[in-house]
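Here is the structure we will look at.
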4 protein chains.
Amino acid sequence: MASQGSDILKRKLYSIIFEAETPAGKAFDVILLFMIVASVVVVSLESVVSLRRDYLHLFQALEWAFTILFTIEYLLRIYSSGKPLNYIFSFFGIIDFLAIIPTYLSLFILGSQYLLVIRVFRLLRIARVFRLTRFVNEGQVLSKALRASLTKITVFLGVVLMMVIVVGALMYVIEGRQSGYTSIPKSIYWAIVTLTTVGFGDITPVTPLGQFLASLLMITGYGIIAVPTGIVSVELANAERMNTNTRVCPNCHKEGHAPTANFCDNCGYELHRKQEAVGNPA
Amino acid sequence: MASQGSDILKRKLYSIIFEAETPAGKAFDVILLFMIVASVVVVSLESVVSLRRDYLHLFQALEWAFTILFTIEYLLRIYSSGKPLNYIFSFFGIIDFLAIIPTYLSLFILGSQYLLVIRVFRLLRIARVFRLTRFVNEGQVLSKALRASLTKITVFLGVVLMMVIVVGALMYVIEGRQSGYTSIPKSIYWAIVTLTTVGFGDITPVTPLGQFLASLLMITGYGIIAVPTGIVSVELANAERMNTNTRVCPNCHKEGHAPTANFCDNCGYELHRKQEAVGNPA
Amino acid sequence: MASQGSDILKRKLYSIIFEAETPAGKAFDVILLFMIVASVVVVSLESVVSLRRDYLHLFQALEWAFTILFTIEYLLRIYSSGKPLNYIFSFFGIIDFLAIIPTYLSLFILGSQYLLVIRVFRLLRIARVFRLTRFVNEGQVLSKALRASLTKITVFLGVVLMMVIVVGALMYVIEGRQSGYTSIPKSIYWAIVTLTTVGFGDITPVTPLGQFLASLLMITGYGIIAVPTGIVSVELANAERMNTNTRVCPNCHKEGHAPTANFCDNCGYELHRKQEAVGNPA
Amino acid sequence: MASQGSDILKRKLYSIIFEAETPAGKAFDVILLFMIVASVVVVSLESVVSLRRDYLHLFQALEWAFTILFTIEYLLRIYSSGKPLNYIFSFFGIIDFLAIIPTYLSLFILGSQYLLVIRVFRLLRIARVFRLTRFVNEGQVLSKALRASLTKITVFLGVVLMMVIVVGALMYVIEGRQSGYTSIPKSIYWAIVTLTTVGFGDITPVTPLGQFLASLLMITGYGIIAVPTGIVSVELANAERMNTNTRVCPNCHKEGHAPTANFCDNCGYELHRKQEAVGNPA
């Protein structure tokens, strides 16, 4: 009977903590989101010298309060989820764990509490809370296109990496220590700063030959940004088309109908409605 | 009768101030545009130290002259528009109000007159003045594509925001105060400067680990610019296609059919072929 | 008879100077191109302090030699072209004139000889010399796409311009003189540096509010680069399609065949060859 | 017989060194890849002052060990390849040679050993080792699109080059020596830094006119990045389409038909419908 009572409790907790269908579940999630944002703001403000001097105790009290609440929430999630290990090693399980551990670590390692900002990733749950199915859908189209681009972008990044290593070493030989290129790793850092068109200006070439090589690198970086952009554009167009056009005309087998189409625009035959296609084939 | 006279006056004023069909209306709008540009130039030049020293009184006289004229114009707009509240709370009504108020405020708050540059937004009326319907049309295609991209770009910006918060906090822990990363908010500012490839160089990493993390952030920023670009390209291609496919279904009047469509995909009615529409029906 | 002799001379000169069909004409053009590049290099090197100290007389002699030769060429072009005024006020006529005048001006205005680098634009003739019809064709596709994008890009740049004016004025009010924002025009310059993601770092915000506004501007600039890119991509795809697909199937009227297609891929009917379509309709 | 023994040895060596089909061949390649990475890391670390002070002898010993091993490998490659000259003057033959020569040169020219990082290009063999045919395929689609874009990008870069030369000379005249624009070549370097939106900030305009011209250059650079991006996007979409449309004409074996094609556009023969090709011919 105790086991049955705990079972009911578990199910109730599960519906509140993991789902957002019931009023209680939704209220829980909204409060949680506000607490996450508030705790990240507190951690950020604590790092500002002038504020910490005046409000250190307030900040620390809030930090511990948030951490204890999140710890209770974490334990309840483990308890109420049917399969604790599945939750613990899921993406959100790991994020939830990393989001509480730095406060405890800060007792031993000074400054580790600033890592609490990892809590912002808990906000990824926001989509579920507000039932942003449209956002989730768009996110899937995006991530599908990015996955499809991955091989090409890996090839691209591999070539870019070889290029910055060689240019970095060349600049180290050409410019040398007195211009700020104090080692090859630092010169590679400079080559990345330059190729990506960031251009901090903390290290800059001063010899004519160095400036010439830097010019080549900048024009290359300016030009090859076109490559990942082109890749993602093409894949995004593909993913978009796939997402909207999965219906086939039963008469002429034409694919790629607009999502709002009722009739095949090639032969005029009536199309199955999208909903029917999923469940009951007429 | 007085009321009738005021009615005629109102209508006349309305046609001059709000419309650009009559010669008087067009002249009014052209003069207004020149005055807006002139007043923005005056405010800008007043802020230059060397010029203000010599011409302060001239600048202030001009500023008050423009403001008084714009105030009269604003009152006339309220008076002549049929429904004053509709105008006052419309987009242009608010802009018109904000464009005169800083001069009056400058009597109490020093320096607020520089906010007068908000007047430039009044130039958005320029399209109506020169009947730039083509520009308006292109602007609509653009804004339609941007609206369609909005959900995807919000998802993208949300992920980017989480990323700069976490990287900012990491850099604060790694580099610390002595490198210029004096607080987490400032480190987040640096992360935005770096991710967007702006790279001011006012704060730069000096430790090898910080430079390595910065390199990852730069390459990420360089690569993911492809995402919004790809999104907008695809949506713009869609909006363009919708805009140019002008065949209308003779049965249900649906617009925007694909160039290869033979039948309306809404009602299944046969469409006119594109060639026939132009001239000789075969 | 003298007139007839001068006519023959004129025609001969014309074929050498303006055309590149005969060996003499081609030789003339190749020598000219080399002289243009050499004269730009001489002007550039003359500006280097260490080189000018040692070789000033050599540089000046070369400069005058090139200028006198280009002047003779310019006069011969005027003489041999059938309609001198047409040439003088053509694009290349103006470039040719601007390419010789700075040397003469340098007698009166010190330093004006550096404007001689405008000679590089004379290199645009290079396409004609090497019969780079393919390059010319590609250039036409490019410039066609850019012309088609012009209206949209003007709308885009107009909005960007209003934005940098308002943000510039706001930063002037927020940051003030002590941060380097010494006037509104200079703040607008900073806003352009930031929005375009150049980020020199000569002026940077130091107040938290200024850094927050700068962050918004940077993210905006990073995001809206997608707009012109999307516009040009779409127009380029259109221009490309137009360039290759002008044949229509005589049987089913399908358009948009690949340039290498011999048969309609919709109905299998034989297509007219591209050459025939231009001249003799079979 | 000696010749026959050497022939067998040659063939065995060839299969180990040049191929990756056998276990021995694969092991050889994997070891080689690790050694390449290790040798590049050693060269990079040697350039760090603090590390060189302590481990100079270790670094030099490792450097010579790697170089001797790579030299032996290079000689074996020459020996075992059927046609030595073909290998020596092939792309990888030249890379392999350049990857060993700097160590020997460092006996005469101090610092030349840093050029050893050219060894990273030997990693391009990685694709063959892990049979990354998918990567090779994607790389071919990429390089095909880039080759197709080459003419347009050359036209684009030519115009950009003329622009930076003229703007560089103008800035030299406007800003002059005291602002850091010490010569025309250096001003051209600045113009490239600015146009590509890198913006180091080592040289920046200080006069209002110079800042105005710089603003124009920045907006131009920000806008025209759209051109190469658009070019590559369009060509990549073309290359992709060619790569994925795999239907072959049963009559003339032409590949790459559009997904909507019913007939071969080369010979007019009827194509199999896409659906039928997969499974059930209706």
Identify, by number, the condition in (1) at pLDDT below 80; (2) under 23 Å from residue D:40 (Cα atoms); (3) open to solvent by less than 30 Å² (accessible area, probe 1.4 Å) that residue A:155 doesn't meet.
(3)
Count of residues meeting criterion [open to solvent by 50 Å² or more (accessible area, probe 1.4 Å), closer than 19 Å to residue C:169 by Cβ and either touching a residue at least 40 places away in the same chain (Cβ under 8 Å) or of a type outside the set (Lys, Arg) (or both)] in the stretch B:1-54:
6
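On the basis of being part of a helix (DSSP H, G or I), within 16 Å of residue C:224 (Cα to Cα) and within 11 Å of chain D (Cβ to nearest Cβ), does residue C:193 make the cut? Steps first, please.
On the way: part of a helix (DSSP H, G or I): yes; within 16 Å of residue C:224 (Cα to Cα): yes; within 11 Å of chain D (Cβ to nearest Cβ): yes.
Against the criterion (part of a helix (DSSP H, G or I), within 16 Å of residue C:224 (Cα to Cα) and within 11 Å of chain D (Cβ to nearest Cβ)), residue C:193 qualifies.
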Output yes when any residue across the stretch D:71-87 is of a type outside the set (Gly, Ala, Ser) and within 21 Å of the chain's Cα centre (by Cα), and no when none is.
yes
Which one of these is at pLDDT below 75 and over 30 Å from residue B:52 (Cα atoms): B:130, B:89?
B:130
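Quick grid of which residues meet (1) farther than 30 Å from residue A:178 by Cα; (2) at pLDDT 90 or above; (3) under 22 Å from the mean Cα position of the chain (by Cα):
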residue	(1), (2), (3)
D:8	yes, no, no
D:12	yes, no, no
D:22	yes, no, no
D:29	yes, no, yes
D:41	no, yes, yes
D:52	no, no, no
D:60	no, no, no
Can you tell me which residue is farthest from residue A:112 (Cα to Cα) among those in the stretch B:168-177 that are open to solvent by less than 20 Å² (accessible area, probe 1.4 Å) and of a type outside the set (D, E, K, R)?
B:168
Considering only the stretch D:72-130, how many residues are under 22 Å from residue D:6 (Cβ atoms) and among the hydrophobic types (A, V, I, L, M, F, W, C)?
6
Unique residue being of a type outside the set (A, V, I, L, M, F, W, C) and under 30 Å from residue C:186 (Cβ atoms) when the list is B:77, B:53:
B:53
Residues of the stretch A:92-127 that turn out to be modelled with pLDDT of 80 or more and in contact with a Gly (Cβ under 8 Å, 6 or more places away or on another chain), as a count:
0
Can you tell me which residues in the stretch C:43-82 are within 13 Å of another protein chain (Cβ to nearest Cβ), among the aliphatic types (A, V, I, L, M) and out of contact with any Leu (no Cβ under 7 Å at 6 or more places or on another chain)?
C:48, C:49
The stretch D:71-92: number of residues that are over 16 Å from residue D:14 (Cα atoms) and in contact (Cβ under 8 Å) with a residue 12 or more places away in the chain
1
In the stretch B:196-221, what count of residues is obtained for those that are outside any loop (DSSP other than H, G, I, E, B), more than 7 Å from every other protein chain (Cβ to nearest Cβ) and more than 21 Å from residue A:159 (Cα to Cα)?
2
Search the stretch C:157-184 for residues being touching a residue at least 12 places away in the same chain (Cβ under 8 Å) and within 7 Å of another protein chain (Cβ to nearest Cβ), and hand back the single one that is nearest to residue C:226 (Cα to Cα).
C:165
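Any idea which of B:194, B:207, B:182 is out of contact with any Pro (no Cβ under 8 Å at 6 or more places or on another chain), modelled with pLDDT of 90 or more and surrounded by 24 or more Cβ atoms within 10 Å (Cβ to Cβ)? Walk me through how you get there before you give the answer.
Numbers: B:207 fails: surrounded by 24 or more Cβ atoms within 10 Å (Cβ to Cβ); B:182 fails: surrounded by 24 or more Cβ atoms within 10 Å (Cβ to Cβ).
Criteria check complete, one pass: B:194.
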Across the stretch D:178-190, the tally of residues that are closer than 17 Å to residue C:116 by Cα and either in a helix (DSSP H, G or I) or out of contact with any Ser or Thr (no Cβ under 7 Å at 6 or more places or on another chain) (or both) stands at 5
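The values are calculated or read from the model by the stated rules, or taken from the named source; none is laboratory data. Keep in mind that this is a model prediction, so the values were computed, not measured. Reconstructed Cβ throughout: ideal geometry from the backbone, glycine too, with neighbour counts over all protein chains shown. Surface accessibility is based on the protein's heavy atoms, side chains included, excluding ligands, DNA and RNA. Shrake-Rupley method; radii C 1.70, N 1.55, O 1.52, S 1.80 Å.
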